[in-house]
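Report on the structure given below.
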Amino acid sequence: MANVTVIGGQWGDEGKGKIVDWLASRADLVVRFQGGHNAGHTLVVGEQTYKLSLLPSGIVRGTLSVIGNGVVLDPWALKAEVETLRGQGVEVTPERLIVADTCPLILPIHRDLDALREDASGKGKIGTTRRGIGPAYEDKVGRRAIRVCDLAHLGHLGAQLDRLCAHHDALRAGFGEPPVDRARLERDLGEIADFVLAFARPAWAVLNQARRDGRRILFEGAQGVLLDVDHGTYPFVTSSNTVAGTAAAGTGLGPGAAGFVLGIVKAYTTRVGAGPFPTELSDAIGQLLGERGREFGTVTGRKRRCGWFDAALVRQSMAVAGVTGIALTKLDVLDGLEEIRICTGYRLRGAPIDHLPAHAADQAAVEPVYETMAGWSESTAGARSWAQLPAQAIKYIRRIEELIACPVALVSTSPEREDTILVRDPFSG
Ligand code: IMP
C-alpha cells in the first residue's frame, strides 16, 4: 500500500493544511515527524475552522494521529491544543492520539532562551516563532533533553536535570538572567506528566505494525524545504530537517516508508521571519497578494512577505527533498493580474546562476531573472477540473512544471476541500 509524505516546498505556509486534511480522510494514520508547535495548519471543515500547531491534521476527522520522535513537544501547548479541540467537539483520546515516548520536551527554559537570543540579536534576528523550538533541538542533540518517557520517572531525573540546568544557568547568566528555578520546573513537570503519559507509546512499534498490516500512512511535514536546517536559507531556517527523508528518522520507520512525496507549492511565494527572499515585492502587487491570499501567520499573526513565484528556488527544493509531484495551491490569488512574472534563475554580481548560492551574503545579493506571462481575467476560484481553468492559467501551471522539473499532482483552487483538481492520486503511488 502506498504511503504519502507531504512537505512544504517553499518557506512554509504553502497551504498544507487543506491538502493534508483531504489526504487524511483517506489515510489510516497521520503522522508528524519534525518541528513542533511552530507549525500552523488551518483546516476548514464545513462551517468550522480548526487551527492546529502540534497535533497531526488527522485528529479533526478521527484518523489515528501520531506525534513521532522527531517532533519537539511542549506538553503545555499539547494540553492547550487538545482542550481547544475538545471545546470544538473533537474527540481526542489515547485511542486516537499517540505521542512517541522518545519525544524531547520543550520546557519553559527553552522558550526563555529563544526570546532572550532573539531580543539580543539586533539585525541578526532570525524572526523565530519564539516557541523554544531551536533551544529544545539543541538540548536533544546535546544529550541534555528531558523526554516524554522521563515523565514516568520524575524521581530519577537528578543527573539529567543537573546537566540541563548547568548548561542553561551558564547561558542565562550571560543574558543577566537568574538561574533556572529547578524546584518550579520539577513541580511543573509533575503537574503535566499524567496528561502527556496518557498518550505516550512506543510510536515506532505502532507504526511498524501498521505498515505490516498494510495500512495507509500519511506523513505530515511542517514548515518547508527552504527552512530546512541543512538545505534552507541558513541561518534563517528552523532547527529541524524538513525534507521528506526525515519521515523515516523522525518516526522509527525505514527509509522505504515515505512513499509518494507530495511537495506543497504556492502559486506565488511568501515568507515569514527574516532572511533572503529574491522575488520579494514591496510594491502594490506584493500588497495585493498579501491581502487576497490572507497572508498572516497562523501561529504568530505576523504579516507574511510576498513575492513572485521563484522557480529556481522551488526546482532546488524539489531536488533536495526528492519530491514525486506537487500540489499547487492558491492559484486563484493571481486571478485578474494583467501580467505574472516567474523567476527562472538569478544573476550574482552580474554572472548568471541557476540555483540559490550557499552563503547568506550571496543569497541576499542575487537578483532574480524573470520571464513574464500574460495573466487571466477569469476566476479560477473553486475550479474542480482543467476544463474550468482559463487557458492562460493552464499555461502558467505547465510552465511551472517545466521549470521546476516536477509534475503537478493536484491543483487547489480554494480553501474548501472539494475545490481541487486531481491529476494524479498520491495514494495510488
Ligand atoms: P523557529 O522554527 O521558531 O525556530 O523559527 C525559525 C524560522 O522558521 C522563522 O523564520 C520562522 O518564521 C520560520 N517558521 C517556523 N515555523 C514555521 C511555519 O510553520 N511556517 C512558516 N514559517 C515558519
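Residues that are away from the ligand (no atom under 13 Å from the Cβ) and among the acidic types (Asp, Glu) were ranked within region 13-40; the one that is modelled with the lowest pLDDT is Asp21. For Glu118, the criteria (1) touching a residue at least 24 places away in the same chain (Cβ under 8 Å); (2) among the acidic types (Asp, Glu); (3) within 16 Å of the ligand (Cβ to nearest atom) hold in every case but one, which is (1). A single entry from Gly250, Gly254 fulfils the requirement of being among the small types (Gly, Ala, Ser), closer than 18 Å to Thr102 by Cβ and open to solvent by 20 Å² or more (accessible area, probe 1.4 Å): Gly254. Of the residues contained in region 86-95, none is found to be at pLDDT 95 or above, in a helix (DSSP H, G or I), open to solvent by 50 Å² or more (accessible area, probe 1.4 Å) and within 20 Å of Phe33 (Cα to Cα).
Report the residue count in region 163-187 for those that are within 30 Å of Thr93 (Cβ to Cβ) and open to solvent by less than 30 Å² (accessible area, probe 1.4 Å). Selection size over region 163-187: 1. Selection of first residues in region 394-419 that are without any contact (Cβ under 8 Å) to a residue 24 or more places away in the chain and of second residues that are small (Gly, Ala, Ser), restricted to Cβ pairs under 9 Å at least 6 apart or on distinct chains, gives the following pairs, ordered by first then second residue: Lys395/Ala374; Glu402/Ala311. Which ones in region 395-419 are more than 21 Å from the chain's Cα centre (by Cα) and farther than 21 Å from Met318 by Cα? Within region 395-419, Glu418, Asp419 meet the criteria. Residue count for region 195-216 under the criterion of being surrounded by 15 or more Cβ atoms within 10 Å (Cβ to Cβ) and in a helix (DSSP H, G or I): the result is 10.
The lone criterion from (1) open to solvent by 10 Å² or more (accessible area, probe 1.4 Å); (2) touching a residue at least 12 places away in the same chain (Cβ under 8 Å); (3) among the hydrophobic types (A, V, I, L, M, F, W, C); (4) within 15 Å of the ligand (Cβ to nearest atom) left unmet by Leu113 is number (1).
Filtering region 343-358 to residues that are in contact with a Leu (Cβ under 7 Å, 6 or more places away or on another chain) and of a type in the set (Asp, Glu) leaves nothing. The single residue among Glu138, Glu81 that is within 15 Å of the ligand (Cβ to nearest atom), assigned to a helix (DSSP H, G or I) and assigned by TED's automatic domain parsing to the domain that holds Gly250 turns out to be Glu81. Residue by residue through region 217-231, note down the ones that are buried (at least 24 other Cβ atoms within 10 Å of the Cβ) and within 13 Å of the chain's Cα centre (by Cα). Hits for region 217-231 are Phe219, Glu220, Gly221, Ala222, Gln223, Gly224, Val225, Leu226, Leu227, Asp228. Has region 93-102 got at least one residue that is among the charged types (D, E, K, R) and within 14 Å of the ligand (Cβ to nearest atom)? Checked against the condition, which is being among the charged types (D, E, K, R) and within 14 Å of the ligand (Cβ to nearest atom), region 93-102 yields no hits at all.
The sole residue among Asp114, Asp181, Asp139 that is at pLDDT 95 or above and over 28 Å from Gly297 (Cα atoms) is Asp181. Within this structure, Leu189 fails the test of being touching a residue at least 12 places away in the same chain (Cβ under 8 Å), within 16 Å of the ligand (Cβ to nearest atom) and among the hydrophobic types (A, V, I, L, M, F, W, C). Out of all the residues in region 66-78, is one or more open to solvent by 10 Å² or more (accessible area, probe 1.4 Å) and either not in a loop (DSSP other than H, G, I, E, B) or not assigned by TED's automatic domain parsing to the domain that holds Asn241 (or both)? Within region 66-78, one or more residues are open to solvent by 10 Å² or more (accessible area, probe 1.4 Å) and either not in a loop (DSSP other than H, G, I, E, B) or not assigned by TED's automatic domain parsing to the domain that holds Asn241 (or both).
All conditions but one from (1) among the β-branched types (Val, Ile, Thr); (2) surrounded by fewer than 21 Cβ atoms within 10 Å (Cβ to Cβ); (3) more than 10 Å from the ligand (Cβ to nearest atom) apply to Ile126; the one that does not is (3). Filtered by the rule that a residue be small (Gly, Ala, Ser) and either within 30 Å of Ala210 (Cβ to Cβ) or touching a helix residue (DSSP H, G or I) at 6+ places or on another chain (Cβ under 7 Å) (or both), region 276-294 gives a lone residue, Gly293.
Filtered by the rule that a residue be more than 16 Å from Gly307 (Cβ to Cβ) and either in contact (Cβ under 8 Å) with a residue 24 or more places away in the chain or open to solvent by 60 Å² or more (accessible area, probe 1.4 Å) (or both), region 344-372 gives Arg347, Arg349, Pro352, Asp354, His355, Ala358, His359, Ala360.
The residues listed here are Gly263, Gly273; of these, the one that is in contact with a helix residue (DSSP H, G or I) (Cβ under 9 Å, 6 or more places away or on another chain), within 16 Å of the ligand (Cβ to nearest atom), in a loop (DSSP other than H, G, I, E, B) and open to solvent by less than 50 Å² (accessible area, probe 1.4 Å) is Gly273. Among the residues of region 237-251, is any hydroxyl-bearing (Ser, Thr, Tyr), part of a loop (DSSP other than H, G, I, E, B) and away from the ligand (no atom under 16 Å from the Cβ)? Yes - at least one qualifying residue is present in region 237-251.
The values are calculated or read from the model by the stated rules, or taken from the named source; none is laboratory data. Just so it is clear, the model here is predicted, and its values are computed rather than measured. When we count neighbours, we look across all protein chains shown, and the Cβ atoms used for this are built from the backbone with ideal geometry, even at glycine. To get the accessible areas, we keep the full protein, side chains included, count just its heavy atoms, and leave off ligands, DNA and RNA. Shrake-Rupley method; radii C 1.70, N 1.55, O 1.52, S 1.80 Å.
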